[in-house]
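Take a look at the structure below.
The values are calculated or read from the model by the stated rules, or taken from the named source; none is laboratory data. Everything quoted here is computed from the prediction, not taken from an experiment. Reconstructed Cβ throughout: ideal geometry from the backbone, glycine too, with neighbour counts over all protein chains shown. Please note that ligands, DNA and RNA were not included when accessible areas were found on the heavy atoms of the full protein model with its side chains. Shrake-Rupley method; radii C 1.70, N 1.55, O 1.52, S 1.80 Å.
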Amino acid sequence: MRLILLGAPGAGKGTQAEVISEKYNIPTISTGNIIRAALKNGTEMGLKAKAYIDSGRLVPDDVVISIIKDRLAEADCHNGFILDGFPRTIPQAEALDTMNVKIDAALSLEVSDRDIVKRMSGRRVCEKCGCSYHIEYKKPTTDGVCDACGGALVIRKDDEPDTVIDRLDIYHKTTEPLKSYYKNQGKLITVQGQSEVEDTSKLVLATLSEI
Ligand code: ADP
Ligand code: ZN
């Protein structure tokens, strides 16, 4: 299965990607995670992206498109993949089409702006390995400590409330038009985000089993 996950920042794309990845045994490709790793490792791409990512703006199309091109060429993508956080602009979607990447579906996770703002304030991320948690919905076993690696859990700089409002604005202006883009290709599926993560996962898996 080749799947695109759409949705506002904090809609739960990453969490659902994990569930789908396990069920279908395909890798999740998160441009956000790739860029943050580059940033941490101080690579040239990371340095280029830093100002954008910290302020919640989108990293330029050419940078993310080249990340995706390289990543999709890797062997583990041959049986399918989940794109989490790409494409985020029409030119990025067009680049995928130009690369002749045939997508089965673009699944949009629908969550209201009000709920997004609420959710983002509880989000925590491991500063060592990048795993995501939530103080209410996805608690670590020990408060403030990553289950996977023991690293400290921190608030991402771009999850500060003012930045979240800006990111939502960018989402509606720049990313949401992708829903029409994929609707026109007959590939759009929408799933309503539920208040319990497990309920959203059930809906997502049931919906995917029908395609
Ligand atoms: P979230 O899912 O919470 O929005 P991500 O980890 O997907 O967060 O993205 C964090 C940041 O990384 C974005 O705000 C943006 O700066 C950058 N980024 C990730 N993917 C893309 C993309 N496809 N195009 C442009 N910028 C991106
Ligand atoms: Zn960790």
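Worth pointing out:
- Any hit, the range 155-167, residues being in contact (Cβ under 8 Å) with a residue 60 or more places away in the chain, away from ligand 2 (no atom under 16 Å from the Cβ) and farther than 21 Å from LEU6 by Cβ: yes
- Among the residues of the range 33-47, those that are under 13 Å from GLY130 (Cβ atoms) and either in contact with a Pro (Cβ under 9 Å, 6 or more places away or on another chain) or among the aliphatic types (A, V, I, L, M) (or both) comprise ILE34, ILE35, ALA37, ALA38, LEU39.
- Checked against (1) small (Gly, Ala, Ser); (2) near ligand 1 (Cβ under 9 Å from one of its atoms); (3) in a loop (DSSP other than H, G, I, E, B), GLY42 meets all criteria but (2).
- Where ARG57 falls short, out of the listed (1) under 15 Å from the mean Cα position of the chain (by Cα); (2) outside any loop (DSSP other than H, G, I, E, B); (3) surrounded by fewer than 18 Cβ atoms within 10 Å (Cβ to Cβ): (2)
- A search for C-beta distances below 8 Å between a residue of the range 88-100 that is part of a loop (DSSP other than H, G, I, E, B) and any residue that is open to solvent by 60 Å² or more (accessible area, probe 1.4 Å), counting only pairs 6+ apart in sequence or on different chains, returns MET99/LYS69.
- Residue within the range 179-194 that is within 17 Å of the chain's Cα centre (by Cα), open to solvent by less than 70 Å² (accessible area, probe 1.4 Å), within 16 Å of ligand 2 (Cβ to nearest atom) and basic (Lys, Arg) present: no
- Taking first residues from the range 1-27 that are within 9 Å of ligand 1 (Cβ to nearest atom) and partners that are hydroxyl-bearing (Ser, Thr, Tyr), the Cβ contacts under 6 Å between residues at least 6 apart in sequence or on separate chains come to GLY7/SER108; ALA8/TYR171; GLY14/SER132.
- GLY122 meets each of the listed conditions (1) under 24 Å from ARG2 (Cβ atoms); (2) in contact with a His (Cβ under 7 Å, 6 or more places away or on another chain) apart from (1).
- Of all residues making up the range 68-83, the number that are assigned to a loop (DSSP other than H, G, I, E, B) and over 14 Å from ASN100 (Cβ atoms): 4
- Going through (1) within 15 Å of ligand 2 (Cβ to nearest atom); (2) more than 14 Å from the chain's Cα centre (by Cα) one by one, SER66 falls short only on (1).
- Of the candidates GLU127, GLU176, the single residue that is at pLDDT below 95 and open to solvent by 50 Å² or more (accessible area, probe 1.4 Å) is GLU127.
- All positions within the range 46-73 that are free of Cβ contacts under 8 Å to residues at least 40 places away in the same chain and β-branched (Val, Ile, Thr): VAL59, VAL63, VAL64, ILE65, ILE67, ILE68
- Number of the condition not met by TYR133 [criteria: (1) without any contact (Cβ under 8 Å) to a residue 60 or more places away in the chain; (2) surrounded by fewer than 17 Cβ atoms within 10 Å (Cβ to Cβ)]: (2)
- A search for C-beta distances below 7 Å between a residue of the range 181-203 that is within 21 Å of ASP113 (Cα to Cα) and any residue that is of a type in the set (Lys, Arg), counting only pairs 6+ apart in sequence or on different chains, returns LEU188/LYS179; VAL197/LYS138.
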